[in-house]
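First comes the structure, then the notes that go with it.
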Amino acid sequence: MKGSTMKKGVSVVVIAVMALILCACSKADKQVVDFAMLPQSAQTFVKTHFADKQVAIVYYDNDIFDKDYELYFNDGARIDFESNGEWKELEDKVNGLPMTALPAGISQYVAERHPGMPVVSIERKRHGFTVELSSEIEMKFDKGGQFLRYDD
């Protein structure tokens, strides 16, 4: 009987913790903010590499695990920034990304090995970068921008 009461107590605690987590997750907020609300480094990055594009909307995503910004341009291109202003993903499936926005090693590799093939997305990951070309070729690069391999 004692074990049964103990199990019920543990179950109640587990359910309460799960309810708190669900409530916290539902508080996750994606709100529209002004471009000026981006960290200064993000603003500079946009003005330097995407000066010819018009910003359509900027979201601040205040998730309990991750706070970041999503910037969309009028032509559909997108940049995701960390809360510190460092970009984590660039995407422009229509026009391709400006080579100046890419790390030097990556832009050099693409220009040499895939001339005329636009980069349509790049994602910064923990151990390096994933790059996609307009031909749907995917490549992996290390943190220093050195080519590692082609991906399927």
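The values are calculated or read from the model by the stated rules, or taken from the named source; none is laboratory data. All values reported here derive from a predicted model rather than from experimental measurement. Ideal geometry is used to build each Cβ from the backbone, glycine not excepted, and the neighbour counts take in all protein chains shown. Note: areas computed on protein heavy atoms with side chains; ligands, DNA, RNA excluded. Shrake-Rupley method; radii C 1.70, N 1.55, O 1.52, S 1.80 Å.
If only one of 42, 19, 77, 24 is at pLDDT 95 or above and out of contact with any Gly (no Cβ under 6 Å at 6 or more places or on another chain), which one is it?
Exactly one residue qualifies, and that residue is 77.
Select from region 51-63 the residues that are touching a strand residue (DSSP E or B) at 6+ places or on another chain (Cβ under 7 Å) and either surrounded by 15 or more Cβ atoms within 10 Å (Cβ to Cβ) or assigned to a loop (DSSP other than H, G, I, E, B) (or both) and list them in ascending order.
53, 54, 55, 58, 59, 60, 61
Find the residue count for region 105-152, including only residues that are touching a Leu at 6+ places or on another chain (Cβ under 6 Å) and under 17 Å from residue 78 (Cβ atoms).
Final tally of qualifying residues: 2.
Against the condition open to solvent by 30 Å² or more (accessible area, probe 1.4 Å) and in contact with a Ser or Thr (Cβ under 8 Å, 6 or more places away or on another chain), how does residue 136 come out, does it pass? Step through it out loud before you land on a result.
Details: open to solvent by 30 Å² or more (accessible area, probe 1.4 Å): yes; in contact with a Ser or Thr (Cβ under 8 Å, 6 or more places away or on another chain): no.
No; evaluated as a whole, the condition is false for this residue.
Can you confirm whether residue 67 is free of Cβ contacts under 8 Å to residues at least 24 places away in the same chain, open to solvent by 70 Å² or more (accessible area, probe 1.4 Å), of a type in the set (D, E, K, R) and within 20 Å of residue 103 (Cβ to Cβ)?
No.
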